[in-house]
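Heads up, the thing below is written out as structure tokens.
Read-outs throughout are calculated quantities, based only on the coordinates presented, and are distinct from any laboratory measurement. The structure displayed is predicted, hence computed values, not measured ones. Backbone-built Cβ (ideal geometry, glycine too); neighbour counts: all protein chains shown.
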Amino acid sequence: MFERSVELYDLIYSDKDYEGEATWIRDAVRKRCPNARTLLDVACGTGRHLAALQISFASEGVDSSPEFVNLARERTGAPVHQGDMDCLDLGKQFDAVICMFSSIGYSTNLNDAIFSMARHLYPGGVLIVEPWFTADQWMTGSLQVLVREADGLRVIRMSSSSVEGSVSVMEMHHLVGTPSTIEHFVETHRMTLFSFDEYESAFRRAGLSYELAQPGPSGRGALIGQTPK
């Protein structure tokens, strides 16, 4: 997962419309739970969704990476916990729980992850999960190149895609240049290609309704569930 690239994350994804996505999330939550006041962002990363959603909800975050936890706390001032989505238990509940930017793909047990998020919802609470690609959508053998630059720092990331069973594999090569140095490092990301049938089954097992909303906040769709009132 993210190791060496933590400090580069915001630059790499600087073109992502966090504000627009937060507006979509707020509207989707309020449509189903008009009086929602509290929200938990699972796999919150550096806290950019969290920061945008603080305007609308009393928000908290959780991430498995201690580096991301620290960055999100600094950015938002909100409570941000370290934890694994597959076995999360904060001992509290929220009106809404979200898991964005396809982070669900990092789960190693989808049923456990959805159940863990669902148990953090009040009755009538809303779960929103942005899915990762399915096996039919995944393209092996593709190359992607991303270039970003700011404040004298230039990042070039080239990633190749492959598949191992039901797991997508991305080998990401980073070239990081400053006026004085050039560094190269590689990160390998493995994300499970869950099917929509598997998503629906996991939601139903957790006692949630299930809805696939298209195009969702960023074009990848959104899986939306609600606990019984």
*When we measure straight from the Cα of LYS31, which lysines land under 16 angstrom away, once same-chain ones fewer than 8 places off are left out?*
LYS229
*Search the structure for amide H atoms under 5 Å from the amide H of SER161, placed 1.01 Å from N in the peptide plane, and list their residues when 5 or more places away or on another chain.*
GLY141, SER142
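When a/c is below 1.5 the answer is rounded, else prolate if a/b is larger than b/c, else oblate, so apply that to segment 143-192 with a ≥ b ≥ c taken from the square roots of the Cα gyration tensor eigenvalues.
prolate
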*asked:* Ignoring everything except DSSP H segments at least 4 long, calculate the 222 nm mean residue ellipticity for the chain; use -39,500 (n - 2.57) per segment, divide by total residues, nearest 500.
replied: -7000 deg cm²/dmol
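Over segment 129-190, what is the relative contact order in percent, taking alpha-carbon pairs closer than 8 angstrom and at least six residues apart?
24
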*asked:* For PHE94, what residues show an amide H to amide H distance below 5 Å, using hydrogens built from the backbone and excluding near sequence neighbours?
replied: LEU121, TYR122
*Report the full-extension gain for the segment VAL147 to GLU183: residue separation times 0.36 nm, less the Cα-Cα distance, to one decimal in nm.*
11.5 nm
*Charge context of THR38, other residues only, Cβ under 14 angstrom, K/R +1, D/E -1*: +1
*Residue by residue, what Karplus-based ³J(HN,Hα) values in Hz, rounded to whole numbers, does segment 76-91 have, using 6.51, -1.76 and 1.60 with θ = phi - 60° and x for Gly and Pro?*
10, x, 8, x, 10, 9, 9, x, 9, 4, 6, 9, 6, 8, 8, x
_Could you give each residue of segment 160-171 its phi-based ³J(HN,Hα) in whole Hz, using Karplus coefficients 6.51, -1.76, 1.60 with θ = phi - 60°, and x for Gly or Pro?_
10, 10, 8, 9, 10, x, 9, 10, 7, 10, 10, 9
*List, in order, the whole-Hz ³J(HN,Hα) value for each residue of segment 135-145 obtained from phi through the Karplus relation with A = 6.51, B = -1.76, C = 1.60 and θ = phi - 60°; use x for Gly and Pro.*
4, 5, 8, 6, 10, 7, x, 8, 10, 10, 10
*Evaluate 2.2 N^0.38 Å with N set to the residue count of the chain, then give the Cα radius of gyration divided by it.*
1.01
*Residues whose placed amide H lies under 5 Å from that of TYR13, excluding near-sequence neighbours*: none
*What relative contact order, as a whole-number percentage, does the chain give when Cα pairs under 8 Å and 6 or more residues apart are counted?*
18
